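Structure first, commentary second.
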Amino acid sequence: MHYFVTGATGFIGRFVVARLLEREDAVVHVLVREASREKFAALQARLGASDAQLKPVWGDITEPGLTDAATRKALKGKVDHVYHLAAVYDLNMDDATGDAVNNEGTRNVVGFVNELGGKTSLQHVSSVAVAGGEWVGNFSEDMFDEGQDVSHPYFRTKFESEQIVRQECKQPWRVYRPGAVVGSSQTGEMDKIDGPYYFFKTIQRITNTVPKWLPLLGVEGGKVPLAPVDYVADAIVEIAHQQGRDGQAFHLIQKPQDSVGQMMEILFDAAHGPGFAKQFELPQLPAIVQTGLRETQRLLPLNLAMRQMARALGIPSSALGYITNKTCFDDRRTREALAGTGISCPPLREYAGKLWDYWATVLDYPEPDRRATARLAGKIVMVTGASSGIGFESARKFAANGATVILVARSQEKLDATVELIHAKGGSAAAYSCDLNDMEAIDAMAEKVLADYGRVDLLVNNAGRSIRRAVIESLDRFHDVERTLQLNYLGAVRLIHRLLPGMAENRRGQIINISSIGVLSNAPRFAAYIGSKSALDAYCRCLAAEVKMYNIEISTIYMPLVRTPMIAPTKLYNYVPAYSVDAASDMVIDTAVHRTKRVKTAVGRMAEISYALAPRVNDNILGRAFQLFPSSSAAKGQRTPDQKVGREGMALAYLLRGSHL
């Protein structure tokens, strides 16, 4: 079969084209502007499609006929389905843009389909926005022109473009109305900040500052019509090939719809943030009052106030309406059409974690800092333990500020994914898989890096292993001490030995060791871990004086407890204040920029001073903490759930924010 697709290089379009190419003997013609040749090449490479399978048609939906007459003549009688996805999906759009692209563009597509005639059908991707922004109650797939308010440019043009299809298309047509399209339920892939993603940054800030044990109060709010992009693409392609569906509309949404409160609770859970103690319903105002407020807010002072509030929240003012949305979309026809196909819309709770991880990794990419770029641009920076946590985020920030980043960790697959991400953002990076427990592997890796790049200007010894187990509970586990020393001390020193000669020859360099606040506070249950970190600390204090003449700086960051995958197995830490990976990586970048000798938090300095002035008092306080924060069940060789922390323990944890407990 032959297909013609507009908007093929767009987000939904890429997924739809991929599904079409999976069909037997499929040939997909895609409308592409001359200015988007690179986008077409990227689409072809992404899908691994041959020239015979994926064919560019040069043109533009804003031009009558879409493409030249000769191309239209060649396509006549060949095309089975035209998929119209090209449109402006933006709540911030203006009227002129909406009219030119959404309305006149759709009119031109309809004219193109009518000209092709014959067996050609139109598969038009509309939106649930046709219901307007103020509809209250059920909106079914049979409903269209119900006198709803479509005064906003986005709602208006989505309504009018669907109206053009209904009134002007002479060929068979079908309409698909997706809800707010989010990333793939399989991979989390998304192309921009939109819909619920506007809330992600606020969720991240709250998660980074509010302890997990402190429940939040939320607003139940309106219903949010969501749909992951892979479901939308699967449903559109499947329904388009079914018989007897012409002249019908299909809602592509999750059913039942989550409320704003439910959605926020799910997203906070995906972000490992605090939960909600209670959700409150917003009061329902009389219709006349709502109308009055809607009209009044158009006055300049209130309009400015709305914009200011939206700016503070990081949400477009037009999107705030969804917080009180009272529309409930019915998708019975869609579910009936998809029955038995294996295609269904998954609930947000099943894939929210994938959305969050993709946003945090790809969409929330660090911005360059002027001072950091001035100091770091052009440097060769090696970061160990770069596949996750502090190392991963530090690597992204070094790359964002112009450094070439050498990423080192065991997992080649994770490192390659990070390199690909950095390259996509315009940065420079390379991956070197290495087990830093293996001295010979370290030698080989360092030799290859120096052969490839000639030097390393800055080494971040970040890779590490932490063990939380009391000595008295691990007298038969001496291997824990050996393993921890092997990676945290011996591996780091071996790497320093291999890179130090080059730094000395260049008469400039820096080594940043990620140590622990426990070295300053002498945290109980971490004897093996703190011992290994202290050994590296002492080694490098001696080394620092030796290499001063070569302009090599040795920096140590006494890192507080950071919420990384390394601490995830200890469920106790869900209730203990911890630094975010973002804040921790900022400490790394700042240390590189300023070549700071020793970096400590306020709690770390306090712990160091208290032990120096009153070591017995310090022991008494930590002894009490040892009793209040029990060992994990795993450390005690049990399979029972870990004990919860009491109020006294939580109070002490908050007082000693960032300490290992």
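The values are calculated or read from the model by the stated rules, or taken from the named source; none is laboratory data. Quick caveat, the model's predicted, so the values are computed rather than measured. For neighbour counting, all protein chains shown are included, and Cβ atoms are generated from backbone atoms with ideal geometry for every residue, glycine included.
Restricting attention to the stretch 177-218, the residues that are at positive phi and touching a strand residue (DSSP E or B) at 6+ places or on another chain (Cβ under 8 Å) total 1.
Within the stretch 165-212, the set of residues being aliphatic (A, V, I, L, M) and under 13 Å from the mean Cα position of the chain (by Cα) comprises 182, 190, 193, 203.
Residues checked against (1) modelled with pLDDT under 95; (2) in contact with a Pro (Cβ under 9 Å, 6 or more places away or on another chain); (3) in the same structural domain as residue 252 (by TED's automatic domain parsing); (4) surrounded by fewer than 22 Cβ atoms within 10 Å (Cβ to Cβ):
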site: 24; (1), (2), (3), (4): yes, no, yes, yes
site: 28; (1), (2), (3), (4): no, no, yes, no
site: 39; (1), (2), (3), (4): yes, no, yes, yes
site: 53; (1), (2), (3), (4): no, no, yes, yes
site: 70; (1), (2), (3), (4): no, no, yes, yes
site: 84; (1), (2), (3), (4): no, no, yes, no
site: 89; (1), (2), (3), (4): yes, no, yes, no
site: 132; (1), (2), (3), (4): yes, no, yes, yes
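Note on the stretch 116-145: residues that are farther than 18 Å from residue 232 by Cβ and either free of Cβ contacts under 8 Å to residues at least 12 places away in the same chain or touching a Lys or Arg at 6+ places or on another chain (Cβ under 6 Å) (or both) amount to 2. Looking at 580, 585, can you tell me which residue is under 18 Å from residue 210 (Cβ atoms), polar (S, T, N, Q) and at pLDDT 60 or above? Every option except 580 fails the conditions. For the stretch 423-461, taking the residues that are part of a strand (DSSP E or B) and of a type outside the set (S, T, N, Q), the one that is farthest from residue 491 (Cα to Cα) is identified as 429. Among residues that are assigned to a strand (DSSP E or B), over 22 Å from residue 274 (Cβ atoms) and among the β-branched types (Val, Ile, Thr), residue 181 is included. Filter the stretch 409-446 down to residues that are touching a residue at least 24 places away in the same chain (Cβ under 8 Å) and of a type in the set (Val, Ile, Thr) and give me whichever is farthest from residue 376 (Cα to Cα). The extreme case among them is 442.
Of the residues 75, 91, 85, the single one that is in contact (Cβ under 8 Å) with a residue 24 or more places away in the chain, under 27 Å from residue 229 (Cβ atoms) and in contact with a Phe, Trp or Tyr (Cβ under 8 Å, 6 or more places away or on another chain) is 91. Looking across the stretch 518-534, the residues that are under 17 Å from residue 556 (Cα atoms) and modelled with pLDDT under 90 come down to 518, 521, 522.
Of all residues in the stretch 1-23, those that are farther than 18 Å from residue 75 by Cβ have Cβ atoms under 9 Å from Cβ atoms of residues that are part of a helix (DSSP H, G or I) and among the aromatic types (Phe, Trp, Tyr), 6 or more apart or on another chain, in 9/40. All of (1) in contact with a Pro (Cβ under 6 Å, 6 or more places away or on another chain); (2) surrounded by fewer than 18 Cβ atoms within 10 Å (Cβ to Cβ) hold for residue 143 with one exception: (1).
Only one of the listed residues (334, 373, 341) is among the hydroxyl-bearing types (Ser, Thr, Tyr) and in a loop (DSSP other than H, G, I, E, B). That residue is 341.
Number of residues in the stretch 4-32 that are touching a Gly at 6+ places or on another chain (Cβ under 9 Å) and at positive phi equals 1. Taken together, the residues in the stretch 95-150 that are within 22 Å of residue 251 (Cα to Cα) and out of contact with any helix residue (DSSP H, G or I) (no Cβ under 9 Å at 6 or more places or on another chain) amount to 4. Counted as qualifying within the stretch 1-75 are the strands (runs of 3 or more DSSP E) with 2 or more residues that are among the aliphatic types (A, V, I, L, M) and within 19 Å of residue 125 (Cβ to Cβ), namely 27-32. Of the residues making up the stretch 380-399, just one is part of a loop (DSSP other than H, G, I, E, B) and at positive phi, namely 385. Listed here are the strands (runs of 3 or more DSSP E) enclosed by the stretch 195-292 that have at least 2 residues being of a type outside the set (Val, Ile, Thr) and modelled with pLDDT of 90 or more: 226-228, 249-252. Against the numbered list (1) small (Gly, Ala, Ser); (2) over 30 Å from residue 364 (Cα atoms); (3) part of a loop (DSSP other than H, G, I, E, B); (4) touching a residue at least 40 places away in the same chain (Cβ under 8 Å), residue 161 comes up short only at (3).
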